[in-house]
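Coordinate-derived values only; no laboratory data. Since the model is a prediction, treat every value here as computed from it, not as a measurement. Heads up, the Cβs are rebuilt from the backbone with ideal geometry, glycines too, and the neighbour counts pull from every protein chain shown.
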Amino acid sequence: MSRTILRGRVLSFSRAPLGFDDAESYLYLEDGAVGIEDGVVVSVGDFAEADIAGAVIIDHRPNLILPGFIDLHLHYVQSQMMAAYAGSLLEWLNTYTFIEEQKFSQQGHADAVAVDFYDALIRHGTTSAVAYCSSHPRSVDAFFAEAQRRNMLMVGGKVMMDRNAPEGLCDSAQSGYDDSKALIARWHQRGRALYAISPRFAITSSPAQLEAARALVAEHPDCYVQTHLSENDAEITYSMELYPDSPDYTGIYEDYGLLGPRTLLGHCIHLNHRETGVLAETGAVAVFCPTSNLFLGSGLFDRERLLNNGVRIGIATDIGGGTSVSMLRTLDEGYKVLQLRGQRLNPFASFHMATRGNAEALGLEETIGSIAPGRAADLVVLDARATPMMRMRMANVESLADELFLLQTLGDDRAVAEVYVAGARAKSTLGGL
Ligand code: GUN
Ligand code: ZN
C-alpha cells in the first residue's frame, strides 16, 4: 500500500497538561506532516523535513489534525431516542429507554440503527467509542459487525439486566452469563473489537446476576467492565434498598468484584469519601457525561475532588441521555458544569481528555488517542472557521488555546472537516452528506 502524508497543523498530547499551557504535554507542529502506511502512523514531523518521495500528499492546512475523538460511554441503542422529555433518570428509563431498547430484538432494526449510528460518530469526529448495546445478543452482533466493516476500534457489550424492567428486555442471571460468554468468544479481540461485560446498574441486576458478572470478569480479565454509578438521588436510594448489606453504592460493585483498572463507571456524581477512596484504590474510571447530567438534571460532576483523590477520569456523551454525539459539544457542556462547581477546565485539558486521556482510561494509549509512529491512523481534522460565527471569532484569535476553546465552545460536526479511520478517509466518503 502506498504512503500517504497529511499536511496540516498537528496537535497530539503525550500526557495530561499540568498547568494552563503546559507545552511539555503536547506536540504542536505549525506545518506538520503525518505519514501513514497500512493504517498506521509511520512518521510525524515538520513538513519541510518529511520524506515526500512517492507519497500521496493531502493538504489540510490551515486546519488542525488531531487524534480522533474517543467517547467513553454511550448507548448506541438509544440513538433514536435522544431528546426524550423526562423529569429525571428513572422516569426517563421507564418511559422511553426500556421501550426503545426492546426494538433491538429485531436483527433488521439493530443492523439499520448501527449503520446510522456509525455514520453519526464519523460525522462528529469520533473514531472509537465504548458502547452499551441492548440485552439482545443480536444488537451486539450488529454493533461489532458494522464496526468491523468500517475498521473501527470499538468497545461494547450486551447489557445484563434481569429485573425492574419490562420482560421483553430482561435476561436472567444464567442467560445473561451464557449470552455474554458467547459474545466474548465471538467478538473480543476479533479485528479491532473489544468486549465490555455490561451489567446495566444495581437496580436492574439481581444479586445472582452480579454474581454471574463477577464470574465473567474472573474468567475474562482482559475484557472491560462497564456500569452506571451514582447518577441520581432516587437511583442511589433504590439501589441501597436493594443491596442493604453494602456500605454504599460503590460498595455494591465492590462486593461483587467488579471494580478494577478496566472498569468504566458512568456518572459518579454523588460519591462519598469512602467511595472515591475505593475508586482510587481499584483504579476504576469515573466517566463524566456532562450533556446527560444536565439534561436529566442528575447533578454536577466534581472533577477536582475526584482528581485530588487519585481517581482516574474520562469523558463521554452518554447518548441517548446525552444530547449530542459531538465530543466538542460535550467538552463545552463539561466546561459549563465545572463552571457551576467553581472549577476551570482549560482547553488543553479538555482536548487531552477527549483524545489521549480517554485512551489512557482504556489502557489503549499505545494504540489510539495520540499521533505518533506505531499508533493507529485514527484522526480528526478540525476547521475552526467552519461557520460564519466561528470565522468572525477566529479573526480575533491569537493563540492555539483560544482556537481550541473556540472549537469546543462554538464547534460541532460542521467543524469536523475530515476523519480518518485506520488511515482511510471516512467522513468525505460517507453517503448523503
Ligand atoms: N442508568 C442505567 N441505565 C442507564 C441509561 O441507559 N442511561 C443513563 N444515563 N443512566 C442509566
Ligand atoms: Zn449510560
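For segment 193-209, backbone phi angles converted through the Karplus equation (6.51, -1.76, 1.60; θ = phi - 60°) give residue-by-residue couplings of 7, 10, 9, 10, 5, 10, x, 4, 5, 4, 5, 9, 10, 6, x, 5, 6 Hz, Gly and Pro being listed as x. Which one, GLY32, MET152, TYR76, projects farthest toward the positive side of the charge dipole computed for the chain from Cβ point charges (K/R +1, D/E -1)? About the Cα centre, the residue reaching furthest to the positive side is GLY32.
From the residues GLY334, GLY8, HIS352, which one has its Cα farthest along the dipole of the chain in the positive direction, the dipole being from +1 and -1 charges on Cβ of Lys/Arg and Asp/Glu about the Cα centre? Working it through, the farthest residue towards the positive pole turns out to be GLY8.
A full extension of the chain between GLU30 and ASP245 corresponds to an added length of 71.6 nm, given 0.36 nm per residue minus the alpha carbon distance. Of all the options MET389, MET327, MET82, the one that moves most in a Gaussian network model of the chain with Cα springs shorter than 10 angstrom is MET389.
Dipole magnitude for segment 69-325: computed about the Cα centre from +1 point charges on Lys and Arg Cβ and -1 point charges on Asp and Glu Cβ, it is near 860 debye. Between the helical axis of 173-187 and the longest alpha-carbon principal axis of the chain there is an angle of about 20 degrees. What FRET efficiency comes out for THR95 versus ALA208 if R0 is 22 angstrom and r is the Cβ-Cβ distance? Round to the nearest 0.05. E(calc), rounded to 0.05, equals 0.20.
For a modelled paramagnetic label at SER88, 7 Å from Cα along Cα-to-Cβ, the residues of segment 137-167 in reach, with backbone nitrogen under 20 Å, are 164-165. Backbone N atoms of segment 150-167 closer than 14 Å to the 7 Å Cα→Cβ label point of THR429 belong to residues 150-152.
Please check: in the Gaussian network model of the chain (C-alpha springs, under 10 Å), which one of VAL140, VAL44, VAL325 has the largest mean-square fluctuation. Result: VAL44 has the largest fluctuation of those listed. Residues whose amide H falls under 5 Å from that of GLY314, counting only those 5 or more places apart or on a different chain, are ALA286, VAL287, PHE288, with hydrogens built in the peptide plane. Only one residue of THR227, ALA401, GLY321 has its Cα farthest out toward the positive end of the dipole of the chain, where Lys and Arg carry +1 and Asp and Glu -1 on Cβ, and that residue is ALA401. The stretch between ARG414 and GLN189, if pulled fully straight at 0.36 nm per residue, gains 77.7 nm over its current Cα-Cα span. Identify the residues of segment 262-284 with backbone N under 18 Å of a label point that sits 7 angstrom from the Cα of GLU366 along the Cα-to-Cβ direction, or state none. Counting backbone N atoms under 18 Å from the label point, the list is 262. Take each peptide in 6-12, 259-265, count the other Cβ atoms within 10 Å of every residue, and average; sorted highest first, the result is 6-12, 259-265. About its Cα centre, the dipole of the chain is roughly 740 debye, where the only charges are +1 on Lys and Arg Cβ and -1 on Asp and Glu Cβ. For LYS103, a cut-off of 28 angstrom between C-alpha atoms picks up these lysines, skipping any fewer than 8 places away in its own chain: LYS158, LYS181. Among DSSP beta bridges lying fully in the chain, give the percent that are antiparallel, nearest 5. Roughly 45 percent of the DSSP beta bridges within the chain come out antiparallel. Spin-label model, ARG15/ASN396: points 7 Å from Cα along the beta carbon direction are separated by 3.6 nm. A straight chain from GLN174 to ASP116 at 0.36 nm per residue would run longer than the Cα-Cα distance by 17.7 nm.
Each peptide in 226-236, 66-76 gets a packing score, the mean of other Cβ atoms within 10 Å over its residues, and the list from highest to lowest is 66-76, 226-236. Entry note, the chain: relative contact order of 20 percent, from Cα contacts under 8 Å with a spacing of 6+ residues. Under the convention that each Lys and Arg Cβ holds +1 and each Asp and Glu Cβ holds -1, the size of the dipole of segment 241-309 around its Cα centre is about 320 debye.
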